[in-house]
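Following: one structure in structure tokens, then a few remarks.
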Amino acid sequence: MSLGNDNRLNSTQFSYFTLGAYVDTQMFKHLYFIIILSLYMFTVGSNVLLIVVICVNRSLHEPMYMFLCSLFVNELYGSTGLFPLLLLQILSDVHTVSAPLCFLQVFCIYLYASVEFSNLAAMSYDRYMSICYPLQYHTLMTSNKVALLIAVTWIPPLLAVCVTTCLSASLQLCGNVINKVYCNNHSIIKLGCHSTTVNNLYELTAASVTVCVPVSVILYTYTRILKICFSGSKQTRQKAISTCTPHLASLLNFSFGVSFEILQSRFDMAHVPNMLRIFLSVYFLTCQPLFNPVMYGLNMSKIRTILSSFPDRLTV
């Protein structure tokens, strides 16, 4: 049976999806493969290194570093949701992916994005408590509270994305071509034969909970932090700048990357060069997992000190 635009066909009869954004790169595909593989290996190596550094050094068992560890775990998870399949597709002449694997990738990418915003919100709350309530900080930010915040960072997005993926997997589809280099939930919804109102409404609601709520927390906490900085001492301002700069840089970088992807999904970008469209669509999945370990590894003095002492430990 043909996989054409037949309303009688549903998603269970599409055994695969075609990723239509790939271009013919026969001459350069091995070069692209080496570049992407190197990027993935560096991403994995840098995030694993920082996770290990935080876990094995008791001096880093503080709330801020626990949230950082959760962030680095999410970077590993998100990059692994994209890179292995991307590497396989680069070497392949036929850019298809099985339906179950495609929905698994949708789940991984959406969970990564949701957890990223939630984790950044938890980190901003921690900075708010540290700067605005320095004397009560260790009393307020107990290990139990940190564990609860990390659980809230992961569990609600997990449940929300599970429902999103199940709704998309149950859609009746009239096509199986996704104009992306990876599986995208909005692109699958647009392939629906019948009304996708339920999917769109749920996606809007889930985005409000998993994105708008964390962003609101971030805006509120940084408003309070800025207020303290302007009215506080020079030492308070220096502490705020040193601890908040990496976090703000990470937030802006991720927000820009997600904004690029949302704009591409909702608007016609045919006038934009194909390679630029591909780069912008994978920016938040490739640059953010690499940006965070580099940013925090270089800017957090405790981590930088421990990393700089590694060569001395190896020679002992």
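The values are calculated or read from the model by the stated rules, or taken from the named source; none is laboratory data. Since the structure is predicted, the reported quantities are computational estimates derived from the model, not experimental observations. So basically every Cβ, Gly included, is an ideal-geometry build from the backbone, and we count neighbours across all protein chains shown.
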Here are V211, V198: which of them is surrounded by fewer than 18 Cβ atoms within 10 Å (Cβ to Cβ), among the β-branched types (V, I, T) and touching a helix residue (DSSP H, G or I) at 6+ places or on another chain (Cβ under 8 Å)?
V198
Does the stretch 111-124 contain any residue that is outside any helix (DSSP H, G or I) and charged (D, E, K, R)?
no
Somewhere in the stretch 97-112, is a residue touching a Gly at 6+ places or on another chain (Cβ under 6 Å), among the hydrophobic types (A, V, I, L, M, F, W, C) and in contact (Cβ under 8 Å) with a residue 12 or more places away in the chain?
yes
Of everything in the stretch 132-153, what is closer than 30 Å to L101 by Cβ and crowded, with 17+ Cβ neighbours inside 10 Å? Give them in sequence order.
I150, T153
Determine, yes or no, whether C183 is among the hydrophobic types (A, V, I, L, M, F, W, C) and closer than 16 Å to I262 by Cα.
yes
When the residues of the stretch 266-312 are narrowed to those that are among the aromatic types (F, W, Y) and at pLDDT below 75, which ends up surrounded by the fewest Cβ atoms within 10 Å (Cβ to Cβ)?
F267
Taking the options I131, I150, I90, name whichever one is β-branched (V, I, T), at pLDDT below 90 and over 30 Å from S187 (Cβ atoms).
I131
Qualifying positions in the stretch 124-176 - among the polar types (S, T, N, Q) and under 13 Å from E62 (Cα atoms)
S130, T139, T142, S143, N144
Can you tell me which residue is surrounded by the fewest Cβ atoms within 10 Å (Cβ to Cβ) among those in the stretch 239-265 that are touching a residue at least 60 places away in the same chain (Cβ under 8 Å) and of a type in the set (G, A, S)?
S265
Selection from the stretch 220-237 of residues surrounded by 12 or more Cβ atoms within 10 Å (Cβ to Cβ) and either in contact with a Gly (Cβ under 7 Å, 6 or more places away or on another chain) or not charged (D, E, K, R) (or both) yields Y220, T221, Y222, I225, L226, I228, C229, G232, T236
Which of the residues spanning the stretch 47-76 are crowded, with 17+ Cβ neighbours inside 10 Å and of a type in the set (S, T, Y)?
Y65, S70
Can you tell which of F103, F67 is over 19 Å from T243 (Cα atoms) and either more than 13 Å from the chain's Cα centre (by Cα) or of a type outside the set (F, W, Y) (or both)?
F103
Against the definition (modelled with pLDDT under 80, out of contact with any Lys or Arg (no Cβ under 9 Å at 6 or more places or on another chain) and of a type in the set (G, A, S)), how does S255 come out, yes or no?
no
